[in-house]
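Let me begin by presenting the structure, written as structure tokens, before commenting on it.
Every number here is computed from the coordinates shown, using simple stated rules; none is lab data. Note that the structure is a prediction, hence the values are computed from the model and not measured. Heads up, the Cβs are rebuilt from the backbone with ideal geometry, glycines too, and the neighbour counts pull from every protein chain shown.
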Amino acid sequence: MIASFINDMVLGNIWGYVFFGYTLLVMLSYLTLAVISLTALRGYLRRNQSTDYKDIMKSPLAPSVSLIAPAYNEEKTIVHNIHSLLSLTYTNYEIIVVNDGSTDETLSAAVNAYDMELVNFDINHILPTEKVRGVYKSKNPAYSHLLVVDKENGGKSDALNVGINLSVNDYIMCIDVDCVLADDALLKLMKPFLEEGSRKVIAAGGVLRIANSCSIERGHLVESNVPRNWLSRAQTLEYLRAFLLARVAWSQLDGLILVSGALGVFDKQLVIQVGGYSRKTVGEDMELVIRMRRCMHEEKLPYRVAFIPDPLCWTETPETLPVLQQQRNRWTRGTIEVLRTHRKMLLNPRYGRMGLISYPFWLLMEWFAPILETTGFILAIVLGVQGLINWPFFFLMLALIWFFSMGMTALTLFGEEITFRKYRSLSEVMRLFVTGLIEPFFFHPFLVYSAIRGNIDYLLGRNLWGNMTRKGFQANGSAKEIQVVKST
Amino acid sequence: MEAIVDLLLINSDYPLIVVISKLLILAFGLLTMLLMGYIFVNRGRVHHRQQKDESLIEEYEDEIIDILIGELKKNDPATYQDTVERLRIAFSGEAIQTLRKLMALLGRDMSGDNAFLLQELYTDLQLERRSVKTLNNGSWEQKVMAVKELGRFGVVHALPQLQSLAENPNKILRDEVQYTLLQLGGASQFEFLTTLNEPLTPWQQIRITEVFRLLDPQDLPDFQVYLSNQYEEVTIFLLKLIKFFDQTQAREAVVDQLFDERPLVKLEAVNTLAGWLDEETVELLIILYEESGLNIRIAITKALQQWTYDQNTRYFLEGVLEETQEYTLCMSALQSLKKLGGEEAIIQLLDTTSVLNNRYIAHQLDERI
């Protein structure tokens, strides 16, 4: 065996080892991230087990926050979603719902439900945006901290920028209006900003969990369940892996470049300083964080991007393949746009770990990996047809990848078990495990296909936001499907 | 084609790779079995513990509340002793953590006599002794829990042991000790501000403020004594405390902070003085306005809302509107004018200043905003 290896080296037959080495490197990097995450998660729980978040809520020193929630064609869910935001446990905050030129009754639903009227609000146009048609406030004093803004359609970034222009507070929290937030989400997300010492906290992100099949009443999560739909179940596992085993580690390594658009708190002054959300990309969330980080690096100021591993935000995921394909297609286009815009950072030591580790990782693992996988897949078919494949070796490699994937699934479920244990019964955990065993054969190839479609659409200049079919959160589970079409 | 086949490792025979792959498959398989096995066992354990905790709380919660409401210790000492003994037996071993949580939960919502009785029960259940012991030999998390409890249940005689932990290398424990020292020792423990090695974080400031909110106002430290601090964060925090606890005796010391070189300190001094304006201070603020940046100008304009509507103030605020179109500054000047002189004070400005100001005036005139 060793003699064969030496012989291969002498003969220059090294490519096999190079490819295998690359595979091992990928596995090792994911395992390393997982170990860092699990350690960080334990540390986070130990540090915060005796934290009384109510101290923030009661304090006159609590920082002020503006929640900005863009809404586009959300007529079926908007009322309950605003109710969820109104119920957050925090004192010093305002809610700004931005109706981004919806073509349905989103605006009237919100205006009627919360007894709102048009007011003479004069907006400070710090960031350029589409025209604002009007600002609504409630006649009911109980909703005095709620604003609904009606504007012409300009996309999610534009709607968020309008919210920033209206905001009067020190921090902004950007959220998807269709998400359900944990009552203490704001308290937990604000804590890193309060703990900042020598390094300024510029942004904080939180974990997204899947709300499909969960029991939700009037905008509150009552019971978390593993989705019944297999596609959503596979996404549940995917989100758990991404948030619990990756982003926690990236935050720990000071390399986090993505704070999800569905849930993130930002230092408003810095957001304005860098020009707000970019309207030129569909990856506006990642783009903003990178621009903020670049600004801090260029000004040589110490900073960090925090990440809270608690399950704070529950979101509905696509349950059909076409909708999932559009979502992932958009994510791929967003990634390409952002990586292209900030290509100057690649391996540039000026940007620290962001340029030396995070950027290359995203380039190779997020953008390039699906292309590599597809090339391999096509070649395998061609060579298989020609009878040129050493099948035992081929299946050994497949088995290695499958076992690795299984190990990562088990690590993910272990991470959940030692931390938040959101899925109460063992049978639900086992369903997730089984999903993890079969997803490499169905779900993962579909994601690769969607990413390739995203690459093609990017090259062809197709820049649509895509469709989202939503069931809405209804207690009786009998909700109608809602077709939501967002465009930029 | 053969080159591609070799390159892709598909038709090759690499014994070393085969062996490594098989070993890795075995390792991942074992890892999966171990982790899933842990989950399986842990689920059962957690479920069992939760059930036990719930039944214990259900069984004894009412009994504890009876002790407190019925003042059993005073009215029926024998039954009280008996109940305490039963509680100690029921919550022995691991279950003691459940009792501590239950006591903490009850303690949070109680005040006055009930809180005092709960403190006595805490001592009689020997939880106090246990917590003091933990200060010497527990892990840092256990120590933090113990420190919190000692503060919550007012165990003043634990002060010496707590003081020994004030310099502990663990920051979380050190901070918790500091809050508890303030809680139990009051003003005298505030001296730690003079020996800080780093500025207080906003989180520490919030925690300290919460401790002070629970103290009797006469037990509060005189915050002005500590205003000269090397860290601006600390001085700003003290100014906020002076304002929040309305320590009017600190007025002169706060005025002095208007001459501090640090802009953020000046800004907070303006905010603090807003509630205590007199003619001399207003004059000082108007002079300061001329030489200050935007944020201090906004703060001064807002502060004048608390003053009287005399001719000087009116001229000053109208002058602000004439010389700037900055959104926040104009809005705060208009707000102050409206607060002092009523709607008429800003209606008369319509069409006399810029178009932008007209829009700002419309905004200010809308009572619904």
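General remarks:
- Normalised contact order of the stretch A:21-137, rounded percent, pairs of Cα under 8 Å and 6 or more residues apart: 22
- Rounded, prolate or oblate (a/c below 1.5 giving rounded, otherwise prolate when a/b exceeds b/c) for the stretch A:317-430 by Cα gyration tensor: oblate
- Mean sequence separation of contacting Cα pairs (under 8 Å, at least six apart), scaled by the length of chain B, corresponds to a relative contact order of 6 percent.
- Only Cα sites of the stretch B:210-355 enter the Debye sum here, all with the same form factor; the resulting log10 I(q)/I(0) across q = 0.10, 0.11, 0.14 1/Å is -0.38, -0.46, -0.69, listed in q order.
- Total lysine pairs whose alpha carbons fall under 23 Å of each other in the stretch A:128-237 (8 or more apart, or interchain): 7
- Remark: spin-label model distance B:Arg108-A:Val385 equals 6.6 nm, labels positioned 7 Å along the Cα→Cβ axis.
- Surface/4 estimate of mean projected area, convex hull on alpha-carbon atoms of the stretch A:36-142, nm²: 10.5
- Cα principal axis extents for the protein assembly as shown, largest first, Å: 97, 82, 58
- Zero-based 5 Å bins, Cα pair distances in the stretch B:51-164, whole percents: 2, 11, 23, 23, 21, 13, 6, 2, 0
- Qualifying lysines (Cα of each under 16 Å from Cα of A:Lys76; at least 8 residues distant if same chain): A:Lys471, A:Lys480, A:Lys486
- Projected label points at A:Leu372 and B:Arg314, each 7 Å from Cα along the beta carbon direction, are separated by 7.6 nanometres.
- When the Gaussian network model of chain B links Cα atoms closer than 10 Å, the mean-square fluctuations of B:Leu23, B:Leu238, B:Leu56 top out at B:Leu23.
- Cut-off 18 Å (backbone N to label point 7 Å along Cα→Cβ of B:Asn75), residues of the stretch B:117-152: B:117-121
- The amide H of A:Gly206, built 1.01 Å from its N in the peptide plane, has A:Ser260, A:Ile308 as neighbours under 5 Å, considering only residues 5 or more places off or on other chains.
- Residue order for A:His125, A:His145, fewest other beta carbons within 10 angstrom first, comes to A:His125, A:His145.
- Pairs of Cα atoms nearer than 8 Å and 6+ residues apart set the relative contact order; for the stretch A:131-266 it is 26 percent.
- Residue with peak Gaussian network fluctuation, chain B [Cα springs, cutoff 10 Å], from B:Phe316, B:Phe40, B:Phe91: B:Phe40
- Straight-line cross-link reach from B:Lys338 at under 17 Å between alpha-carbon atoms covers these lysines, not counting any fewer than eight positions away in the same chain: B:Lys302.
- Nitroxide proxy distance, nm - points 7 Å out along Cα→Cβ at B:Glu198 and B:Glu290: 4.3
- Considering only chain A, percent of DSSP beta bridges that pair antiparallel, nearest 5: 50
- Between A:Lys300 and A:Ser87, residue separation times 0.36 nm minus the direct Cα-Cα distance comes to 72.7 nm.
- Relative to the longest principal axis of the Cα atoms of chain B, the long axis of helix B:263-273 makes an angle of roughly 80 degrees.
- Taking Cα atoms only, the orientation of helix B:355-365 departs from the longest principal axis of chain B by about 60 degrees.
- When the GluC sites (Glu not before Pro) in the stretch A:99-181 are filtered for DSSP coil states and for at most 16 other beta-carbon atoms within 10 Å of their beta-carbon, the remaining sites are A:Glu105, A:Glu152.
- Relative to the dominant Cα principal axis of chain A, helix A:230-240 is inclined by about 90°.
- Average beta carbon contacts from partner chains per residue of A:411-420, 10 Å cutoff: 3
- Two-site FRET efficiency, B:Asn42 against A:Phe446, from Cβ-Cβ distance with R₀ of 41 Å, rounded to 0.05: 0.80
- Shape annotation for the stretch A:9-85: C-alpha extents along the principal axes are 72, 42, 19 Å, from largest to smallest.
- Counting every other Cβ atom within 10 Å of each residue's Cβ, A:Ile36, B:Ile369 order from fewest to most as B:Ile369, A:Ile36.
- Here the gap between A:Leu118 and A:Val168, fully extended at 0.36 nm per residue and compared with their Cα-Cα distance, gives a gain of 16.1 nm.
- The protein assembly as shown - share of DSSP beta bridges that are antiparallel (%, nearest 5): 50
- Shape analysis of chain B yields a ratio of the Cα radius of gyration to the Kirkwood radius, Rg/Rh, of 1.20.
- Most mobile listed residue (B:Thr308, B:Thr134, B:Thr209) in chain B, GNM with C-alpha springs under 10 Å: B:Thr308
- Figure legend: label point modelled 7 angstrom from the Cα of B:Leu350 along Cα→Cβ; residues of the stretch A:122-136 with amide N under 17 Å from it are A:122.
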